[in-house]
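Student: Have a look at the structure that comes next, please.
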Amino acid sequence: MEAYLDNAATTRVAEEVRNIINQVMDVDYGNPSSRHQKGLTAGQYIKKAQEQIGKTLKVEPKEILFTSGGTESNNMALIGGALANQRRGKHIISTRIEHASVYNPLLYLQELGYEITFLNVNRQGMVDLEELRQAIRPDTILVSVMMVNNEIGAIEPVEEIGRLVKAVNPNILFHVDAIQAYGKLKIYPGRWNIDLLSVSGHKIHGPKGIGFLYIRDKVKVKPLLYGGGQQKDMRSGTENVPGIAGLGAAAKLMYTNHTEKQMQLQRVRQVFLDGIHQLDGITDNSGEAPHIASISFQGIQKGEVLLHALEARGVYCSSGSACSSNHPAISGTLSAIGLEEELLQATLRFSFSIDSTVEEAEYAVQVIREELDKYRQFIKR
């Protein structure tokens, strides 16, 4: 049996998404900038995807800008937003548990003379609203907080954060990295005072290499790419029409019967957690997100040893963010929540999707129990 529990890293492309991608690549393959019918047809796919995504967020289609994925969306929101608003100030607020695609652009802005305040989080990975309030200054131009942490699944109170930020200064931009939240949770940027929101396609059964950035109407953001002026001069370059069409289909899929999908996700994860809690020497770091479980294993010197033992038996998980595996280090998120030092490298992330089943969850728990027993018996020798 196989149990793919690394869906926070990437998901399997849904059948309806594959079908529309193939249609665009094989039949409707025109360049949307071309004036003939093939080009006009390609352009209609872009318009339809904007409408599909706009409905899921209850925003205007024109507020959806397509990008190459979550990393570009975050970079554009932060760097583009900061450069466009630097006359008002150069102070930015974020948290200590952000993804590398937020943290590293902030370090880049720091090199350009911006000052970054990183908020602490508690043991559950939650920011303190009062600390945020006190951090806001007259020269603060941007606040960036992820909605769902990619390692532990903590859900930040973005609605309350948006309300707080705008109450102090309505001109401050509020950016939300929703890459692990979109599709799993309902999000209302207009109601929640969100100015910029980042999403990635391959986390929601769409293709890799596509994402979008919601930019509230009238919000100023500097483009990062210049050229032919596509997407109203905000992102030059021929649009990835197959990816865009697939992303629109994936967005529609995730928010059709959304409540039922969310309940199924929660059910499968709970079966997994109920089984895990019966094991000895376990620390559960999981937040409230319905698709992520973070488990630390006492007595395991390196989580990757257990990871590969599970892999050998068809259980796939991760030792943290998939992106950070290119530069392995101690997890900033686990350090920020105050996890004991001996558990920092003994933690694995298990993540679920709408394809995940109770049988997979039960099988994963069984394999974890058996491999843990083997490992701990070996250590005792």
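The values are calculated or read from the model by the stated rules, or taken from the named source; none is laboratory data. From a predicted model like this one, the values you see are computed outputs, not experimental measurements. All Cβ positions, glycine included, derive from the backbone under ideal geometry; neighbour counts span all protein chains shown. Quick note on the areas: whole protein, heavy atoms, side chains included, nothing else; ligands and nucleic acids left out. Shrake-Rupley method; radii C 1.70, N 1.55, O 1.52, S 1.80 Å.
Student: Enter the accessible area of TYR45 (Å², nearest 10), with the probe set to 1.4 Å and all protein chains included.
Tutor: 40
Student: When the helices in the chain are scored as -39500 (n - 2.57) per DSSP H run of 4 or longer and the sum is shared across all residues, what 222 nm value do you end up with, to the nearest 500 deg cm²/dmol?
Tutor: On the way: 12 runs with 144 residues, N = 381.
Estimated from H runs of four or more residues: -11500 deg cm²/dmol.
Student: Can you send over the carbon and sulfur percentage of the accessible area for the range 1-118, probe radius 1.4 Å, protein chains only? Intermediate results must be reported in sequence, preceding the final value.
Tutor: Values: 2730 of 5760 Å².
Whole-percent figure for carbon plus sulfur exposure: 47.
Student: What angle do you read, to the nearest 10 degrees and between 0 and 90, between the alpha-carbon axis of helix 241-255 and the longest principal axis of the chain?
Tutor: 60
Student: Pairing the Cα long axis of helix 358-380 with the longest principal axis of the chain, what angle in degrees results, from 0 to 90 and rounded to the nearest 10?
Tutor: Here the helix axis deviates by roughly 50 degrees.
Student: Could you tally the net charge around ARG349, taking each other residue with its Cβ under 10 Å from the Cβ of ARG349, Lys/Arg +1 and Asp/Glu -1? Can you show the working numbers first?
Tutor: Details: positive: none; negative: ASP6, GLU151.
Taking every other residue near ARG349 into account, the sum is -2.
Student: So, one more: For the chain, give me the percentage of DSSP beta bridges that are antiparallel, rounded to the nearest 5 percent. Mind showing how you got there, number by number?
Tutor: Details: 20 of 40 bridges.
The answer is about 50 percent antiparallel.
Student: OK, next. Using only the alpha-carbon atoms of the chain as identical scatterers, what base-10 log of I(q)/I(0) does the Debye formula give at q = 0.10 Å⁻¹?
Tutor: -0.65
Student: In a GNM of the chain with a 10 Å cut-off on Cα contacts, which of THR357, THR238, THR67 has the highest mean-square fluctuation?
Tutor: THR238
Student: Give me the tail of P(r) for the range 1-133 as a percent: Cα-Cα pairs with distance above 18 Å.
Tutor: Details: 6325 of 8778 pairs.
Of all Cα-Cα distances in the range 1-133, 72 percent exceed 18 Å.
Student: Oh, and also: Can you pull out the trypsin sites (Lys or Arg not before Pro) in the range 1-104 that DSSP calls coil and that have at most 12 other Cβ atoms within 10 Å?
Tutor: On the way: sites: ARG12, ARG18, ARG35, LYS38, LYS47, LYS48, LYS55, LYS58, LYS62, ARG87, ARG88, LYS90, ARG96; in loops: ARG12, ARG35, LYS58, LYS90, ARG96.
Filter output for the range 1-104: ARG35, LYS58.
Student: As I understand it, the value is the acute angle between the Cα axis of helix 100-111 and the longest principal axis of the Cα atoms of the chain; what does it come to in degrees, rounded to 10?
Tutor: Between the helix axis and the principal axis of the chain, the angle is about 60 degrees.
Student: Could you tell me what percent of the DSSP beta bridges with both partners in the range 152-220 are antiparallel, to the nearest 5? Walk me through the intermediate numbers first.
Tutor: Details: 5 of 9 bridges.
Among the beta bridges of the range 152-220, antiparallel pairing accounts for roughly 55 percent.
Student: Also, I was wondering about something else. Just add up the charged neighbours of GLU311: K/R +1, D/E -1, any other residue whose Cβ is under 12 Å from the Cβ of GLU311. Display every interim value, and only then the final one.
Tutor: Values: positive: ARG313; negative: GLU2, ASP6, GLU304, GLU371.
Charge balance in the 12 Å sphere: -3.
Student: Could you let me know the centre-to-centre spacing of the range 232-269 and the range 95-145, using Cα atoms, in angstrom?
Tutor: The range 232-269 and the range 95-145 have Cα centres separated by 28 Å.
Student: Moving on to the next point. Expressed as a fraction of 2.2 N^0.38 Å, the rule-of-thumb size for a compact globular protein of N residues, what is the C-alpha radius of gyration of the range 256-308? All intermediate terms of the calculation are to be shown ahead of the outcome.
Tutor: On the way: Rg = 13.5 Å, N = 53, 2.2 N^0.38 = 9.9 Å.
Taking the Cα Rg and dividing by 2.2 N^0.38 Å, one obtains 1.35.
Student: Per residue, how much accessible area does the range 161-226 have with a 1.4 Å probe, in Å²? Kindly include the intermediate steps, with their values, before the conclusion.
Tutor: Working: 2270 Å² over 66 residues.
The answer is 34 Å² per residue.
Student: Whole Å is fine, so just give me how far the alpha carbon centre of the range 23-81 lies from that of the range 270-292.
Tutor: Their Cα centres are 38 Å away from one another.
Student: Just the number please: accessible area per residue for the range 331-370, 1.4 Å probe, all protein chains included, in Å². Could the numbers behind the result be given before it?
Tutor: Details: 1480 Å² over 40 residues.
Solvent-accessible surface per residue comes out at 37 Å².
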